[in-house]
Amino acid sequence: MKQIQTVLFIAYLCLMLIILGGTIFSVLVEYPNWFANIPVSLEATRSFYKVLHPGYFFQIFGPLTVLSGIGFVIVGWRISAARKLVAVSVVLFVAIELLTFFYIYPRLNILFVNDLGTQSIDALKLTAKQFTIADNIRTVLCLAANAFAIAALFKFFKHRYATVSS
């Protein structure tokens, strides 16, 4: 059981850090290019993402992260301090997913799926601003979720080493 707990915890922590890295990359590198000169920059972005887009990365790693976190909460039930911190982290991550699904995806559809000719430039700029604000919230939530996961790391290994030496 200890090995399963360790594998699920480390998987969760690694996945959280990977998501955080992807998020920071998107915020610092991709999004400024997306919105640099609307609508021209949106057209360039649409042309660039013909095969895959960043959503594919997050749509794969997001569910894996949630599943590994929930898995750890279940199998690590007796590691109370780490379990509680991971549970808070998972709840924050689920909030990120809900924000993404219900608020951010509709704006991404306006910016990258719908015909740009049907939207005024002002409407596109407003949508980009709404996306950016929501994404900033999502990034802060991701940082907080990672902070809880890292705090859980210390509790997890403190418990693990206390159990081993006893």
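Tell me, please, whether a residue that is among the hydroxyl-bearing types (Ser, Thr, Tyr) and either in contact with a Pro (Cβ under 8 Å, 6 or more places away or on another chain) or more than 20 Å from Gln59 (Cβ to Cβ) (or both) can be found in the range 147-163. Lay out the reasoning, then the answer.
If we filter the range 147-163 for residues that are among the hydroxyl-bearing types (Ser, Thr, Tyr), which is where we start, we get 161, 163.
Then drop every residue that is not either in contact with a Pro (Cβ under 8 Å, 6 or more places away or on another chain) or more than 20 Å from Gln59 (Cβ to Cβ) (or both), which leaves 161, 163.
Yes, the conditions are met somewhere in the range 147-163.
Phe156: more than 24 Å from Glu30 (Cβ to Cβ), in contact with a Phe, Trp or Tyr (Cβ under 8 Å, 6 or more places away or on another chain) and among the hydrophobic types (A, V, I, L, M, F, W, C), yes or no?
On the way: more than 24 Å from Glu30 (Cβ to Cβ): yes; in contact with a Phe, Trp or Tyr (Cβ under 8 Å, 6 or more places away or on another chain): yes; among the hydrophobic types (A, V, I, L, M, F, W, C): yes.
Criteria met by Phe156.
Within the range 130-149, is even one residue at pLDDT below 95, in a helix (DSSP H, G or I) and either under 23 Å from Gly55 (Cα atoms) or aliphatic (A, V, I, L, M) (or both)? It would help to see each step written out before you state the result.
Kept after step one, since they are at pLDDT below 95, are these residues of the range 130-149: none.
Within the range 130-149 (the criterion being at pLDDT below 95, in a helix (DSSP H, G or I) and either under 23 Å from Gly55 (Cα atoms) or aliphatic (A, V, I, L, M) (or both)), the answer is no, since none of the residues qualifies.
Return the pairs, sorted by first residue and then second, in which the second residue is of a type in the set (Phe, Trp, Tyr), the first residue lies in the range 109-135 and is within 18 Å of Ala36 (Cβ to Cβ), the beta carbons are less than 6 Å apart, and the residues are 6+ apart or on different chains.
Ala128/Phe35
If Ala162 satisfies all but one of (1) farther than 16 Å from Leu42 by Cβ; (2) modelled with pLDDT under 95; (3) in contact with a helix residue (DSSP H, G or I) (Cβ under 9 Å, 6 or more places away or on another chain), what's the number of the condition it fails?
(3)
Only one of Leu153, Leu116, Leu124, Leu92 is in contact with a Leu (Cβ under 7 Å, 6 or more places away or on another chain) and at pLDDT below 95. Can you tell me which?
Numbers: Leu153 fails: at pLDDT below 95; Leu124 fails: at pLDDT below 95; Leu92 fails: at pLDDT below 95.
The conditions single out Leu116.
Go over the candidates Ile10, Ile4, Ile24 one by one and state the one that is exposed (fewer than 15 other Cβ atoms within 10 Å of the Cβ) and under 15 Å from the mean Cα position of the chain (by Cα).
Just one listed residue meets the conditions, Ile24.
Select the helices (runs of 4 or more DSSP H) contained entirely in the range 40-125, then report the ones holding at least 2 residues which are among the hydrophobic types (A, V, I, L, M, F, W, C) and closer than 16 Å to Cys142 by Cα. Break it down stepwise before answering.
Working: elements: 40-48, 54-75, 80-99, 105-112.
In the range 40-125, 54-75, 80-99 are the helices (runs of 4 or more DSSP H) which contain 2 or more residues that are among the hydrophobic types (A, V, I, L, M, F, W, C) and closer than 16 Å to Cys142 by Cα.
Which condition number in (1) surrounded by fewer than 16 Cβ atoms within 10 Å (Cβ to Cβ); (2) more than 19 Å from the chain's Cα centre (by Cα); (3) hydroxyl-bearing (Ser, Thr, Tyr); (4) over 30 Å from Met1 (Cα atoms) is the one that Tyr105 fails?
(2)
All but one of (1) loosely packed, with under 13 Cβ neighbours inside 10 Å; (2) modelled with pLDDT under 95 hold for Asn37; state the number of the condition that does not hold.
Only one criterion in (1) loosely packed, with under 13 Cβ neighbours inside 10 Å; (2) modelled with pLDDT under 95 is unmet by Asn37, namely (2).
Please determine whether any residue of the range 49-58 is basic (Lys, Arg), farther than 29 Å from Phe154 by Cα, at pLDDT below 95 and surrounded by 12 or more Cβ atoms within 10 Å (Cβ to Cβ). Spell out the reasoning first.
Residues of the range 49-58 basic (Lys, Arg): 50.
Next, only the ones that are farther than 29 Å from Phe154 by Cα stay: 50.
Going one step further and asking which of them are at pLDDT below 95, we end up with 50.
Pick out the ones that are also surrounded by 12 or more Cβ atoms within 10 Å (Cβ to Cβ) and you get none.
Within the range 49-58, not a single residue is basic (Lys, Arg), farther than 29 Å from Phe154 by Cα, at pLDDT below 95 and surrounded by 12 or more Cβ atoms within 10 Å (Cβ to Cβ).
Among the residues of the range 33-55, is any touching a residue at least 60 places away in the same chain (Cβ under 8 Å), of a type in the set (Ser, Thr, Tyr) and within 25 Å of Ala144 (Cα to Cα)?
Applying the first criterion (touching a residue at least 60 places away in the same chain (Cβ under 8 Å)) to the range 33-55 yields 34-35, 38-39, 42-43, 45-46, 49.
Next, from what is left, pick out any that are of a type in the set (Ser, Thr, Tyr): 45, 49.
Restricting the remaining residues to those that are within 25 Å of Ala144 (Cα to Cα) gives none.
No, the range 33-55 contains no residue that is touching a residue at least 60 places away in the same chain (Cβ under 8 Å), of a type in the set (Ser, Thr, Tyr) and within 25 Å of Ala144 (Cα to Cα).
Can you tell me which residue among Asp135, Asp115 is among the acidic types (Asp, Glu) and surrounded by fewer than 16 Cβ atoms within 10 Å (Cβ to Cβ)?
Working: Asp135 fails: surrounded by fewer than 16 Cβ atoms within 10 Å (Cβ to Cβ).
That would be Asp115, the only listed residue that is among the acidic types (Asp, Glu) and surrounded by fewer than 16 Cβ atoms within 10 Å (Cβ to Cβ).
I'd like to know if the range 83-105 contains one or more residues that are touching a helix residue (DSSP H, G or I) at 6+ places or on another chain (Cβ under 7 Å), closer than 16 Å to Glu30 by Cα, among the β-branched types (Val, Ile, Thr) and in contact (Cβ under 8 Å) with a residue 24 or more places away in the chain. Full working, then the answer.
Of all residues in the range 83-105, those touching a helix residue (DSSP H, G or I) at 6+ places or on another chain (Cβ under 7 Å) come to 83, 85-90, 92-97, 99-100, 103-104.
From what is left, the residues that are closer than 16 Å to Glu30 by Cα are 104.
Remaining after also requiring among the β-branched types (Val, Ile, Thr): 104.
So of that shortlist, the ones also in contact (Cβ under 8 Å) with a residue 24 or more places away in the chain come out as 104.
So far as the range 83-105 goes, yes, one or more of its residues are touching a helix residue (DSSP H, G or I) at 6+ places or on another chain (Cβ under 7 Å), closer than 16 Å to Glu30 by Cα, among the β-branched types (Val, Ile, Thr) and in contact (Cβ under 8 Å) with a residue 24 or more places away in the chain.
The values are calculated or read from the model by the stated rules, or taken from the named source; none is laboratory data. Here the structure is a predicted model, which is why all the values come from computation and not from measurement. All Cβ positions, even for glycine, are placed from backbone atoms using ideal geometry, and neighbour counts span all protein chains on display.
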